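Just below is one structure, and these are the notes that go with it.
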Amino acid sequence: MPVTLVTGFLGSGKTTLLNRILSEHHGHRFAVIVNEIGQIGIDNELIVNVEEEVMEMTNGCLCCTVREDLLVALKKLLQSRNKGEARFEGLLIETTGLANPGPIIQTFFLDETIQTYYELDGIVTVVDAYHIQQHFEKGMEAEEQVAFADLIILNKQDLVTTSQLKEVKYQIQSLNPTAQIVPTVNSEIDFSLLFGIQTFRTRDTLDIRSHFPKEHLTGVQSFVLREERPIDMVKLNHWMTAVVSELGEYLYRYKGIIAAQGMDRRVVFQGVHTLFAASYDRPWKQEEERKSEVVFIGKGLNKVWFEEHFHNCVADH
Ligand SMILES: Nc1nc2c(ncn2[C@@H]2O[C@H](COP(=O)(O)OP(=O)(O)OP(=O)(O)O)[C@@H](O)[C@H]2O)c(=O)[nH]1
């Protein structure tokens with residue numbers, strides 16, 4: 001069961017998106033888990049025509065206090081699916097103003113049942129094109145949310161001019177060079193884009209979309225490390241373990257394709273904060289240049305230091 005995490009700043013258009021998913025006839029059935037701080041739960045009244053399964057959690061912020069709740073909700077959904085009470089082919093989890101998706105992601109890797117039945121597919125962030133500048137400037141968690149996304153729904157396109165939209169797109173892409181950006185009005189996105197993102201599996205290319213990374217006001221930046229010589233995986237693993245334990249808090253996202261020494265397959269490695277995983281991917285193609293490329297997105301990172309240490313992971317160095 002593919003699972004998509006949906007996040008975004010207050011008022012950016014998440015509920016609008018979910019309502020569309022739940023009410024439009026698109027031939028797919030999705031289950032939705034929503035989360036809201038406080039007693040009066042989210043937009044339950046707003047979630048109309050609930051053919052799909054909606055579960056609500058009202059126990060505070062999803063990222064810190066209710067992981068157990070999430071586990072319970074996930075299992076409940078599975079049970080009702082197995083009993084034939086609910087039919088769905090994908091799950092969306094809506095989170096409120098999430099700054100660190102790590103604990104939620106972890107939930108999908110730690111529990112055996114969950115691991116067997118669910119597959120975390122990707123992270124979608126809804127951005128308010130009109131207000132995002134303000135959110136960035138005030139140093140709110142909007143930058144983090146943009147930084148860890150795989151797909152950005154750049155909503156409220158109707159409220160900005162073409163040149164403003166272009167500027168916002170440029171800013172977002174320079175913050176997160178690998179995210180796909182889709183401008184929308186009323187979160188009207190092609191639903192097929194929300195599933196099958198497959199970040200947490202492997203992808204064919206790294207899709208570095210921006211070649212002009214820059215440092216943002218609050219110190220969030222991105223950079224790409226490249227190496228043409230084969231990498232020693234033991235050294236890389238050793239170094240990355242130290243990096244995430246030291247700097248995990250500041251590392252919003254990192255993804256890479258590694259050409260490992262003595263390995264005919266590509267190694268894909270990626271992580272969010274302290275969670276990182278490496279896996280074997282397809283074999284290198286004959287005509288393909290075997291090189292390693294890793295994107296780091298984080299706060300206050302010293303690119304030169306990263307470069308030096310990455311180069312130290314070269315085999316026989
Ligand atoms: N002009 C304009 N308004 C929009 C658009 N998308 C959503 N809105 C409006 O913006 C407001 C907030 O949208 P919601 O979908 O409730 O946003 P949300 O992210 O769920 O908000 P929270 O639940 O507060 O986090 C609503 O009044 C929407 O009708 C858009 O593309 N253009």
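Every number here is computed from the coordinates shown, using simple stated rules; none is lab data. Predicted model only: the values in this text are computed from it and were never measured. Don't worry about glycine lacking a Cβ; one is built from the backbone with ideal geometry, like all the others, and counts go over all protein chains shown.
A few comments on the model shown:
- Legend: residue pairs LYS138/LYS303; LYS138/LYS166; LYS76/LYS169, Cα-Cα distance threshold 29 Å; pairs beyond threshold, LYS76/LYS169.
- For the pair ARG29 and THR116 in one chain, pulling the backbone fully straight at 0.36 nm per residue adds 29.3 nm over the alpha carbon distance.
- The local environment of MET263, defined by Cβ-Cβ distances under 13 Å, has a net charge of +1 under the rule Lys, Arg +1 and Asp, Glu -1.
- Rough spin-label spacing in nm, given labels placed 7 Å along Cα→Cβ, for GLU89 and TYR250: 4.5
- Estimated D of the range 220-311 in µm² per second, where Rh is the Kirkwood radius over Cα pairs and Stokes-Einstein applies at 10 °C, 1.306 mPa s: 119
- LEU159 paired with TYR280, simple spin-label distance in nm, labels 7 Å along Cα-to-beta-carbon: 5.0
- Proximal lysines to LYS291, defined as alpha-carbon separation beneath 16 angstrom and excluding residues fewer than eight positions away on the same chain: LYS255
- Here the peptides 279-286, 227-234, 9-16 are ranked by packing, the mean other Cβ count within 10 Å, and the order with the highest first is 9-16, 227-234, 279-286.
- Dipole of the range 220-311, positive direction: furthest Cα of ALA278, GLY262, SER292, with charges on the beta-carbon: ALA278
- FRET efficiency, GLU188 to ASN302 (Cβ-Cβ, R0 41 Å, nearest 0.05): 0.50
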